[in-house]
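Just below is one structure, and these are the notes that go with it.
The values are calculated or read from the model by the stated rules, or taken from the named source; none is laboratory data. Being a predicted model, the structure only gives us computed values, none of them experimental. Neighbour counts run over all protein chains shown; Cβ positions are idealised from the backbone, glycine included. Note: areas computed on protein heavy atoms with side chains; ligands, DNA, RNA excluded. Shrake-Rupley method; radii C 1.70, N 1.55, O 1.52, S 1.80 Å.
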Amino acid sequence: MYTILICDDDKDIVSALDIYLTSEGYRTLKAYNGREAIQAVEQNEVHLILMDVMMPVMNGLEATRRIRALPRSDAKTVPILAMTANVFADDVAQCRQAGMTDHLAKPLGEEKLRRAILSCLPQ
């Protein structure tokens, strides 16, 4: 069973993603800012991260850079998908430069999310 970390400061988004992902058979972990996301990765085996970009305490770009720098064998390769309403080319480039695997524009539809997850996790 794959574990997906959901990191977003909007509790409704986290809840909706949690319901969808668990119904699809994934185990979920939840974080509400970048600092909590780093702690979750340090303490758990995580196969995929859905990371909001704009959050209080620590944003998703900084959290991604810090996750990529962790002294774990999987820290540099775990897929991290940006979730953001910022869709300009510069925004996508910033996500990639921070180490994110892909960029998903909010609002997320089930099909778009499903395709992104399937492209990152072997079935």
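Structure data summary
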| quantity | calculated |
| --- | --- |
| Of residues in region 1-38 being among the acidic types (Asp, Glu) and in contact with an Asp or Glu (Cβ under 8 Å, 6 or more places away or on another chain), the one farthest from ARG65 (Cα to Cα) | ASP10 |
| The listed residue being of a type outside the set (Ser, Thr, Tyr), crowded, with 18+ Cβ neighbours inside 10 Å and modelled with pLDDT of 95 or more, out of ASP8, ASP12 | ASP8 |
| Positions within region 21-40 being more than 26 Å from VAL87 (Cβ to Cβ) and not basic (Lys, Arg), in sequence order | THR22, SER23, GLY25, LEU29, GLN39, ALA40 |
| Set GLU36, GLU42, GLU24: member being within 15 Å of ILE117 (Cβ to Cβ) and open to solvent by 10 Å² or more (accessible area, probe 1.4 Å) | GLU24 |
| Filter result for ASN33 (under 23 Å from SER15 (Cβ atoms), out of contact with any Cys (no Cβ under 8 Å at 6 or more places or on another chain) and of a type in the set (S, T, N, Q)) | no |
| Selection count, region 109-121, where residues are touching a residue at least 24 places away in the same chain (Cβ under 8 Å) and either open to solvent by less than 50 Å² (accessible area, probe 1.4 Å) or β-branched (Val, Ile, Thr) (or both) | 5 |
| Identity of the residue in region 51-73, in contact with a helix residue (DSSP H, G or I) (Cβ under 9 Å, 6 or more places away or on another chain) and over 16 Å from ALA31 (Cα atoms), that ends up most open to solvent (accessible area, probe 1.4 Å) | ARG65 |
